[in-house]
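Chemist: The following block contains the structure, expressed as structure tokens.
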Amino acid sequence: TDAIINFAAESHVDRSISESKKFVETNVLGVQTLLEVARLKSVKTFLQVSTDEVYGSIDQGSWSESHPLLPNSPYAATKAAADLLARSYFRTYGLDVRVTRSSNNYGPRQFPEKFIPLMVTRLMKNLKVPIYGNGQNTRDWIHVEDHCRALYLVLTSGQAGEIYNIGGGKELKNIDLAKMLIVLTGKDDSSIEYVSDRLG
């Protein structure tokens, strides 16, 4: 095997708050299992697909790859733990490990609990769309195909032991994205329901 690209993850922040054990099992123990197999089988390259959530929150600007890891949810904490495990396999065993940290993905066939498909399916069913807090939380968005192109570039041209942030360069407040989807589905702002912000 020339390479392992680990996309596998429990990735829904809300579910990690209510049932974190699954996230530890998949995102930490699962990654350790794959790293160990890669080491024992002399896999050439291990690409760990992570998330910008490991950095925590930022008021403005963006993070560099050397920014401290300050996760705010069990999901983000398990991804940070996996990143550190990957680094340890590079430092301890010399395994060619590369880590990517992407912003929010969107695209075809995305799991329906994610922001965009959740909003669209609820709007299509004439249901309210839940917006956390005042909707001012901002996210950077990248299309899944662009993300995959970046992963391929890291796999083919990246360096062992390095971390690569991947962003789409399209920051939107949650409320602004929701309003775009409302217009596209022919609804109006009465479809919005503000709810308490999630923990963390």
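Chemist: What residues of the stretch 133-160 lie in the reach of a label at E193, counting those whose backbone N is under 19 Å from a point 7 Å from the Cα along Cα→Cβ?
Modeler: The answer is 133-136.
Chemist: Take every Cα pair under 8 Å in the stretch 1-91 that's 6+ residues apart, average their separations, divide by the length, and report that relative contact order as a whole percent. Don't skip to the answer; put the middle values down first.
Modeler: Working: 109 pairs, mean separation 35.1, N = 91.
With pairs under 8 Å counted, the relative contact order is 39 percent.
Chemist: Assign one of three labels to the stretch 1-93, namely rounded, prolate or oblate, based on the Cα gyration tensor with a ≥ b ≥ c the square roots of its eigenvalues; rounded applies when a/c is under 1.5, prolate when it is not and a/b is larger than b/c, and oblate otherwise.
Modeler: Values: a/c = 2.41, a/b = 1.44, b/c = 1.68.
Here the stretch 1-93 falls in the oblate category.
Chemist: Enumerate the amide H contacts of N104 below 5 Å, restricted to partners 5 or more residues apart or on another chain; note that Pro and chain-start residues carry no placed amide H.
Modeler: D140, I142
Chemist: Count charges around T185 for me, please; just the other residues with Cβ under 15 Å from its Cβ, Lys/Arg as +1, Asp/Glu as -1.
Modeler: Taking every Cβ under 15 Å from that of T185, the sum is +3.
Chemist: Would you work out which of V195, S73, L47 lies farthest towards the positive end of the dipole of the chain? Charges go on Cβ: Lys and Arg +1, Asp and Glu -1.
Modeler: Sorting the options by dipole projection puts first L47.
Chemist: Shifting gears a bit: Go through the stretch 78-93 residue by residue and turn each phi into a ³J(HN,Hα) via Karplus (6.51, -1.76, 1.60, θ = phi - 60°); whole Hz please, and just put x for glycine and proline.
Modeler: 5, 5, 5, 4, 5, 4, 5, 4, 4, 4, 5, 6, 5, 6, 7, 10
Chemist: Going by a ≥ b ≥ c, the root eigenvalues of the Cα gyration tensor, does the stretch 97-151 fall in the rounded group (a/c under 1.5), the prolate group (a/b larger than b/c) or the oblate group?
Modeler: Oblate.
Chemist: I'd like the Karplus ³J(HN,Hα) series for the stretch 148-158: coefficients 6.51, -1.76, 1.60, θ = phi - 60°, whole numbers in Hz, and an x wherever there's a Gly or Pro.
Modeler: Once θ is set to phi - 60°, the couplings for the stretch 148-158 become 5, 4, 5, 4, 5, 5, 5, 4, 8, 10, x Hz.
Chemist: Take the solvent-accessible surface of the protein heavy atoms, probe 1.4 Å, and return the percent of it on the chain that carbon and sulfur atoms account for. Please list the in-between numbers first.
Modeler: Details: 5920 of 11210 Å².
That share works out to 53 percent.
Chemist: A further question follows. Give me the percent of DSSP beta bridges within the chain that run antiparallel, rounded to the nearest 5.
Modeler: Rounded to the nearest five, the antiparallel share is 15 percent.
Chemist: Provide Rg and Dmax in Å for the stretch 131-200, with only Cα atoms included in the calculation.
Modeler: Gyration radius and largest Cα-Cα distance of the stretch 131-200: 16.8, 51 Å.
Chemist: Expressed as an acute angle from 0 to 90° and rounded to the nearest 10, what is the orientation of the C-alpha long axis of helix 174-184 relative to the principal long axis of the chain?
Modeler: Helix 174-184 and the main axis of the chain meet at about 60 degrees.
Chemist: Taking the chain as a Gaussian network, where each spring joins two C-alpha atoms under 10 Å apart, which residue of L34, L153, L172 fluctuates the most?
Modeler: Of the options given, L153 has the highest mean-square fluctuation.
Chemist: Another one. Given a 1.4 angstrom probe, what's the average accessible area per residue across the chain, in square angstrom?
Modeler: For the chain, the per-residue accessible area is 56 Å².
Chemist: What does the extension gain come out to for K41 and D59, with contour length at 0.36 nm per residue minus their alpha carbon separation?
Modeler: 2.1 nm
Chemist: Separation between the N134 and T1 pseudo-spin-labels, each 7 Å from Cα along Cα→Cβ, expressed in nm?
Modeler: Label-label distance for N134 and T1, simple model: 4.9 nm.
Chemist: Hey, in the GNM for the chain with a 10 angstrom Cα cutoff, which one of H147, H12, H67 fluctuates hardest?
Modeler: H67
Chemist: Quick one: putting +1 on the C-beta of Lys and Arg, -1 on the C-beta of Asp and Glu, what dipole do you get for the chain around its Cα centre, in Debye to the nearest 20?
Modeler: 380 debye
The values are calculated or read from the model by the stated rules, or taken from the named source; none is laboratory data. These numbers come from a predicted model, not from an experiment. Note that each Cβ is placed from the backbone with ideal geometry, even for glycine, and that neighbours are counted across all protein chains shown. When the accessible area is computed, the model is the full protein with side chains, heavy atoms only, and any ligands, DNA or RNA have been set aside. Shrake-Rupley method; radii C 1.70, N 1.55, O 1.52, S 1.80 Å.
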